[in-house]
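The values are calculated or read from the model by the stated rules, or taken from the named source; none is laboratory data. This is a predicted model, so every value here is computed, not measured. As a convention, Cβ positions derive from the backbone with ideal geometry for all residues, glycine included, and neighbour counts pool all protein chains shown.
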Amino acid sequence: TEKVIAKYRPLVDAVIAKYLSRLEGNTVMLYVGGLRPRHVVTAYEDLGMVIVGTGYEFAHSDDYQRTGHYVKNGTLIYDDVTGYELEKFIEGIRPNLVGSGIKEKYPVQKMGIPFRQMHSWDYSGPYHGYDGFAIFARDVDL
């Protein structure tokens, strides 16, 4: 494991160096299924971005307990919100970027907020592993 990390550390460091100055401090709201509401948090944070809200469409109580360990105090965590509720959260918080699914894409863009589709990656991606981190960083640099 340590050998793999050492092998890819220069790639990760180069990606962070390239994007950090442009992304640092930008706020992000997420609303996706599966484990992504917590597992992609660290990728955004590695790029200097701040998660201000995250939530699940389908989750169990242990998902929320685990998510609390990934986000900072004060982060809004929402559960199975309607489109209307999510729009109101976004209007109130006004993040720099929203990451969600196709249902949310166009209403968010109409609000003038950059959007990244986290289900099909807007026909980019994949965001898996070390090589995927470089693609992810490029895609969130909107």
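Among the residues of the range 69-91, is any under 30 Å from Ala14 (Cβ atoms), in contact with a Phe, Trp or Tyr (Cβ under 8 Å, 6 or more places away or on another chain) and surrounded by 14 or more Cβ atoms within 10 Å (Cβ to Cβ)? No, there is no match, as no residue in the range 69-91 is under 30 Å from Ala14 (Cβ atoms), in contact with a Phe, Trp or Tyr (Cβ under 8 Å, 6 or more places away or on another chain) and surrounded by 14 or more Cβ atoms within 10 Å (Cβ to Cβ). Residues of the range 18-29 include at least one that is part of a strand (DSSP E or B) and of a type in the set (A, V, I, L, M, F, W, C). Might you check whether a residue that is of a type in the set (A, V, I, L, M), at pLDDT 95 or above and more than 11 Å from the chain's Cα centre (by Cα) occurs anywhere in the range 63-83? The answer is no; no qualifying residue exists. The set of residues from the range 100-124 being outside any loop (DSSP other than H, G, I, E, B) and crowded, with 18+ Cβ neighbours inside 10 Å comprises Ser100, Glu104, Val108, Phe115, Arg116, Gln117. Go through the range 1-33 and give me each residue that's under 30 Å from Glu87 (Cβ atoms) and either of a type in the set (Gly, Ala, Ser) or out of contact with any His (no Cβ under 9 Å at 6 or more places or on another chain) (or both). Scanning the range 1-33 gives Tyr19, Arg22, Leu23, Glu24, Gly25, Asn26, Thr27, Val28, Met29, Leu30, Tyr31, Gly33. What pairs come up if the first residue lies in the range 125-142 and is in contact (Cβ under 8 Å) with a residue 24 or more places away in the chain and buried (at least 16 other Cβ atoms within 10 Å of the Cβ), the second is outside any loop (DSSP other than H, G, I, E, B) and of a type in the set (D, E, K, R), and their beta carbons are under 8 Å apart, counting only those six or more places apart or on different chains? These pairs meet every condition: Tyr127/Asp139; Phe133/Asp46; Ala137/Lys18; Val140/Arg116.
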